[in-house]
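The values are calculated or read from the model by the stated rules, or taken from the named source; none is laboratory data. From a predicted model like this one, the values you see are computed outputs, not experimental measurements. Virtual Cβ from ideal backbone geometry, glycine too; neighbours counted across all protein chains shown.
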Amino acid sequence: MVARAAVGKDWAVSRTKVLLIDEHALMRTLLHDYLQQDPTIEVIGTAVDGDEGIQLALEHTPDVVVISVDLPDHEPFKQVRRIAGVLPEVRLVFLASRSLDRNIDEALSIGARGFLTAADSPAAVTTAIRGVARGEVVFSDEVRSRLVLKPCIARPATGVQSRLSTLSRREFEVLQHLGRGMSAQQIAPLLQVGNRTVEKHAQHIMHKLDIHDRVELVRYTIREQICSL
């Protein structure tokens with residue numbers, strides 16, 4: 001990615017080619033102008049959606065694609081899968097307004113090397129681009145707090161998962177019922193288990209999600225749209 005190239009007797013740093021994909025014109029312009037100030041980065045294009053992004057990616061073969069996950073209907077994930085399929089060496093950095101576990105999981109499944117949120121500064125985006133271009137994995141503090149490192153995995157890029165993805169199938173089922181406001185007494189007959197078993201599942205769920213009370217747990221299911229899954 002960022003490599004040194006000989007120019008006569010001098011050495012110069014080749015610029016990392018970056019493609020920006022964001023539906024918001026203001027964000028695209030601000031980020032474009034900020035990144036262009038960095039002598040190691042070249043913004044080769046900006047796109048309003050995934051279709052335009054694919055065309056620019058095929059035309060300019062960027063080193064890094066920075067894409068907003070707030071595009072409608074999961075489009076960023078659909079389109080980035082297409083970009084990664086054609087350009088497998090491209091490094092992916094996702095930007096999000098919030099660090100939703102379901103978005104983090106989907107980004108990781110595509111092979112994201114970076115994930116930042118609106119709480120991060122433009123300078124953090126520059127740092128992330130430089131980092132992923134060097135082969136590093138860069139997550140903001142907010143996103144990192146939602147990640148769990150799998151045991152015995154040395155490479156963070158392949159050994160991380162969101163807290164939500166650590167739940168077992170049964171725990172996820174219990175979480176859906178809890179999100180609908182159901183009590184253990186109501187859930188138990190549906191799952192054909194005892195009340196205490198449901199309560200144990202609820203305790204394990206809250207521990208895995210780093211959630212400390214039932215109200216916060218319900219808010220989490222609403223935020224992640226779990227009851228609609």
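Things to note:
Residues checked against (1) over 23 Å from Val148 (Cα atoms); (2) touching a Lys or Arg at 6+ places or on another chain (Cβ under 9 Å); (3) modelled with pLDDT of 90 or more:
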site: Met182; (1), (2), (3): yes, no, yes
site: Ile187; (1), (2), (3): yes, no, yes
site: Gln192; (1), (2), (3): yes, no, yes
site: Ala202; (1), (2), (3): no, yes, yes
site: Asp213; (1), (2), (3): no, no, no
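- Qualifying residue in the range 119-130 (condition: touching an Asp or Glu at 6+ places or on another chain (Cβ under 9 Å), modelled with pLDDT under 90 and closer than 25 Å to Leu30 by Cα): yes
- Yes/no for His207 being of a type outside the set (A, V, I, L, M, F, W, C), surrounded by 14 or more Cβ atoms within 10 Å (Cβ to Cβ), outside the structural domain of Glu142 (by TED's automatic domain parsing) and not in a loop (DSSP other than H, G, I, E, B): no
- Inside the range 67-96, residues that are under 24 Å from Glu224 (Cβ atoms) and touching a strand residue (DSSP E or B) at 6+ places or on another chain (Cβ under 7 Å) make up a count of 11.
- Every pair of residues 6+ apart whose Cβ atoms lie under 6 Å, when the first sits in the range 73-86 and is closer than 14 Å to Asp22 by Cα while the second is at pLDDT below 85: Glu75/Gly50; Gln79/Gly50
- Residues satisfying the stated conditions in the range 8-26, i.e. among the acidic types (Asp, Glu) and modelled with pLDDT of 50 or more: Asp22, Glu23
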